[in-house]
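Presented below is the structure to which this report refers.
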Amino acid sequence: MSLSLEGFISIMNGWPPEAVWALMALTCFSVILIMLRLFGAAGIYVYMAVAIVIANIQVTKAVQFSVYPNPVALGTVVFASTYLCTDILTEYYGRVFARRGLWLGFCALTLSTVLMTLTLGFAPMTAAQAASGDMAWALPNHDAMMALFKPAPALLVAGMTAYITSQYNDIWIYMLVR
């Protein structure tokens, strides 16, 4: 029996949100350790950049957990995993490497926000244009991209202010406790 990605997603949709949350946390923390083992500081930098971008996309999806009365915006697990990254960088490589990781994550989100905003600036194809070039599959993609990336500039300003402040404090406190 082969399982498609859509089939796997359908199976996870049947799980309680807490189970998917646990799987995401396990995946994030495992990937951090694998990236550290395989690539050292560079692997952690890559993870941080990807995690910051993904967390800011995930925050546009809300889920109802059984322990909360109101829906919760996603992104917290992936975002929180970046604190482990800065702690690992601080522990193994020092404060300078941890701050570099912080700023690489910031630059990754800023760059992805700028590039996706420019992407949204392209007028979507009409049905006639899509049919003439055999691109009908792309017709709904503009609206999907708008839903995901239109809030990105506001999230960039709010999220990155909190991110930079909290990460600098995390690095400072880690060095103090260490």
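A few notes on this one:
- Residue in the stretch 72-91 that is more than 30 Å from residue 176 (Cα to Cα), in contact with a strand residue (DSSP E or B) (Cβ under 8 Å, 6 or more places away or on another chain), assigned to a loop (DSSP other than H, G, I, E, B) and modelled with pLDDT under 95 present: yes
A quick yes/no check of all residues on (1) polar (S, T, N, Q); (2) under 29 Å from residue 13 (Cβ atoms); (3) open to solvent by 40 Å² or more (accessible area, probe 1.4 Å); (4) touching a Lys or Arg at 6+ places or on another chain (Cβ under 7 Å):
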{"site": "60", "(1), (2), (3), (4)": "yes, yes, yes, no"}
{"site": "81", "(1), (2), (3), (4)": "yes, yes, no, no"}
{"site": "115", "(1), (2), (3), (4)": "no, no, yes, no"}
{"site": "132", "(1), (2), (3), (4)": "yes, no, yes, no"}
{"site": "141", "(1), (2), (3), (4)": "yes, yes, yes, no"}
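- Every test in (1) open to solvent by 50 Å² or more (accessible area, probe 1.4 Å); (2) at pLDDT 95 or above; (3) of a type outside the set (Phe, Trp, Tyr) is passed by residue 28 save one, and that test is (1).
- Options 89, 102: the member that is in contact with a Gly (Cβ under 8 Å, 6 or more places away or on another chain), within 16 Å of residue 169 (Cβ to Cβ) and surrounded by 12 or more Cβ atoms within 10 Å (Cβ to Cβ): 89
- First in the stretch 43-59 and on the phi > 0 side of the Ramachandran plot, second anywhere and open to solvent by 30 Å² or more (accessible area, probe 1.4 Å) and assigned to a helix (DSSP H, G or I), Cβ under 9 Å, 6 or more apart: none
The values are calculated or read from the model by the stated rules, or taken from the named source; none is laboratory data. Worth saying up front: this structure is predicted, and the values here are computed from it rather than measured. Every residue, glycine among them, receives a Cβ derived from its backbone with ideal geometry; neighbour counts consider all protein chains shown. Surface accessibility is based on the protein's heavy atoms, side chains included, excluding ligands, DNA and RNA. Shrake-Rupley method; radii C 1.70, N 1.55, O 1.52, S 1.80 Å.
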